[in-house]
Every structure is written in C-alpha cells, then in structure tokens.
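Q: Dropping the structure in here first, questions after.
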Amino acid sequence: MNLSESSVRSSDSPALQCDVSQLKIGFIGAGNMAFGIAQGIIASGKVPPSNITISAPSMNNLPRFQERGVSITHANDEVVDRSRLVFLAVKPHLVPKVLNGISGNVTQEHIIVSMAAGITLETLEELLPAGTRVIRIMPNLPCMLLEGALLLACGSCAGQEEETLLKALLGPCGLVEAGPEQWIDAHVGLSGSGVAFVYVFAEALADGAVKMGMPSALARRIAAQTILGAGVLLRDSGKFPAELKAEVCTPGGTTIHGIHALEKGGFRAATMGAVEAATERARELGKK
C-alpha cells in the first residue's frame, strides 16, 4: 500500500475506505501529547485541521488548538460521533471512566488509539465494544516540537492497514516505530521518562561548568546545544554510541578522564537503573 496516493483502501477496514484527506480525527484530552500529535497530523498535510475535533472539560488548553483551525468541544461523545480515528489522550486513571462514557458511540468503523501509559490493549478492548480496533501509542514530550519518538502496538482487531495509516499521519511528529505491546513499557522508560533523565544530565553538565567558573546562563545554553548536536549526530551518522564516543576520546585526553569520572560515579549503571525503574512502574500501572 502506498499512502502517497490519494486513498487508503481495505475491504476489512471500514474506517480506511476513504480518501485520507477526508478522514475525520478526534482527540479526547487536550494536553501536551495531544497537541504534539495534532501538530504532526496537520504538518503531514494529509488531513486538514478542519477535519480534527478535540474535547476537554475546560477551556484551559483548547485555545491553542483553535488557533490551528481545530474544532473544539467539551463533549467526548461528540468527538466520537464526528470522527473515525480517535486518540485517547487522558491520564491513565481516567481511561475507564472515559471509555465507559463513549463506548455506546463506538462503532466497527472506529479506530481507538490510546496514549495512556500502563493501560494494556486487553484492558482497552474489554472496555470497548467487541471487535473494536484498538492501538496503543506512546509518544514523548518532544513531539510538541515534531522531534518525538513514538512506539505503537496494535490490538487483536487492528493490523497492517491501521499501522501504516498511523505511521503516515504521525511521521512528522518524529520517529515512529511499531512493535509488540511488551515493548511499550520499555519505551516509556527509555523515551518517555528518558527525556527527563536527559534534562537531569543537562543540568548536571551546566552545573559542572558553573563550578569551573562559567556563567550559569551561558552554561545552560551550551549544555542544551551540546546535547542537541550529539543527538543529531547519533541519529544521523548511523554509528553506534560507542563508536562516536571513541572518536571523541583521544588517548590521554580530557574526554577519557571525564568518562573515567562518570564510570567511578556509577553513571552507566544508574542510567540503566532509571530506565528499569520507570519501565517497572509502567508495568505496575497496567496491573491496577
């Protein structure tokens, strides 16, 4: 299937039997993740903003969607009635209540995409009508700047058509990958929570420079640019992190002395432990 063409068709997928530009998309929840995903869909150029509807209980976050031409409402059932692809962008503890409220409006034509950490596909399918096509997707905060990392997993009634559609729509958000559901929790630890781990590292880098006499504001700017440049190089060079590290570490030089200090401080083990702890917490949320 080629989504560069004007339509996506499947005899088994009613929601996809249409010109993609006519696809109606809804969001329940108007937080940062919903905003980032909506921006990516609009940036894809495949769906006009007028085809997107978003709901939230208050007006706090809705104006920024309005500014981009997205329709707003306070009624979740209205989003479902007006859409075929519906993103569930609420906190995990609100998912059962929200799905109970909209399940009567969900049809076989709908695709429900959950962004709630820890809520399994099995749980989602139990809360929705039998046969509903459900997908879990886990974005991260940089999606707001279209530089995110997203991982999706399809439920028992969703498949390649739905996966391909989402990858095409969400591509402008950043890196979009698919895999089995058991990878989702690890992705939370790696990329969802990992963003905050990087911020802690950036803060520590800047503090180190301040300790050595650099002004704080300058240190923060340089730390941010250092992390940005290193990330782009790692992403685009195709090299392993160890290869790039070796290119910076000259024998007896400054960098290898710094690496030694990190290793003495348990940096590598602490980072692995942070990813593990966040992953385990995501798994715990799924069991509640």
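The values are calculated or read from the model by the stated rules, or taken from the named source; none is laboratory data. This one's a predicted model, so the numbers in the text were calculated from it and none came from an experiment. Heads up, the Cβs are rebuilt from the backbone with ideal geometry, glycines too, and the neighbour counts pull from every protein chain shown. Please note that ligands, DNA and RNA were not included when accessible areas were found on the heavy atoms of the full protein model with its side chains. Shrake-Rupley method; radii C 1.70, N 1.55, O 1.52, S 1.80 Å.
Q: Hey, what did the range 177-257 get for relative contact order, percent, Cα under 8 Å, at least 6 apart? If you can, show how the numbers build up before the last one.
A: Numbers: 27 pairs, mean separation 12.3, N = 81.
Relative contact order, the range 177-257: 15 percent.
Q: Sticking with this structure for a sec: Give the distance, in whole Å, between the Cα centre of the range 219-240 and the Cα centre of the range 119-144.
A: 32 Å
Q: What relative contact order, as a whole-number percentage, does the chain give when Cα pairs under 8 Å and 6 or more residues apart are counted? Mind dumping the intermediate values first?
A: On the way: 462 pairs, mean separation 43.9, N = 288.
That works out to 15 percent.
Q: Hey, another quick one. Taking only C-alpha pairs under 8 Å that are 6+ residues apart, what is the relative contact order of the range 86-188 in percent? Please list the in-between numbers first.
A: Details: 171 pairs, mean separation 24.2, N = 103.
Worked out over the range 86-188, it gives 23 percent.
Q: If you average the alpha carbon positions of the range 174-203 and of the range 25-99, how far apart do those two centres end up, in angstrom?
A: Centre-to-centre (Cα) distance: 23 Å.
Q: Accessible area per residue of the chain at 1.4 Å probe, in Å²? List each step's numbers first, then the result.
A: Details: 14950 Å² over 288 residues.
Computed with neighbouring chains in place, this is 52 Å² per residue.
Q: Taking the range 155-283 on its own, what percent of its Cα-Cα pair distances exceed 22 Å?
A: Details: 4433 of 8256 pairs.
I get 54 percent for the Cα pairs in the range 155-283 exceeding 22 Å.
Q: Quantify, in whole percent, the carbon and sulfur part of the accessible surface of the chain (1.4 Å probe; protein heavy atoms only). Could the numbers behind the result be given before it?
A: On the way: 8740 of 14950 Å².
About 58 percent, which is the carbon plus sulfur part of the accessible surface.
Q: Still on this structure, please answer the following. Tell me the trypsin sites (Lys or Arg not before Pro) within the range 51-117 that lie in a loop according to DSSP and have at most 16 other beta-carbon atoms within 10 Å. Could the numbers behind the result be given before it?
A: Numbers: sites: Arg64, Arg68, Arg82, Arg84, Lys97; in loops: Arg68, Arg84.
Passing sites in the range 51-117 are Arg68.
Q: Given a cut-off of 31 Å, name the pairs among Lys91/Lys264; Lys211/Lys264; Lys91/Lys211; Lys24/Lys239; Lys211/Lys239; Lys264/Lys287 whose C-alpha atoms lie farther apart than that in the structure shown.
A: Numbers: Lys91/Lys264 39 Å; Lys211/Lys264 19 Å; Lys91/Lys211 40 Å; Lys24/Lys239 40 Å; Lys211/Lys239 33 Å; Lys264/Lys287 37 Å.
Where the Cα-Cα span goes over 31 Å, the pairs concerned are Lys91/Lys264; Lys91/Lys211; Lys24/Lys239; Lys211/Lys239; Lys264/Lys287.
Q: Applying the Karplus parametrisation 6.51 cos²θ - 1.76 cosθ + 1.60 with θ = phi - 60° to the phi angles of the range 273-286, what ³J(HN,Hα) value in whole Hz is obtained for each residue in order, glycine and proline being reported as x?
A: In residue order, the calculated couplings are x, 5, 4, 5, 5, 5, 5, 5, 5, 4, 5, 5, 4, x Hz.
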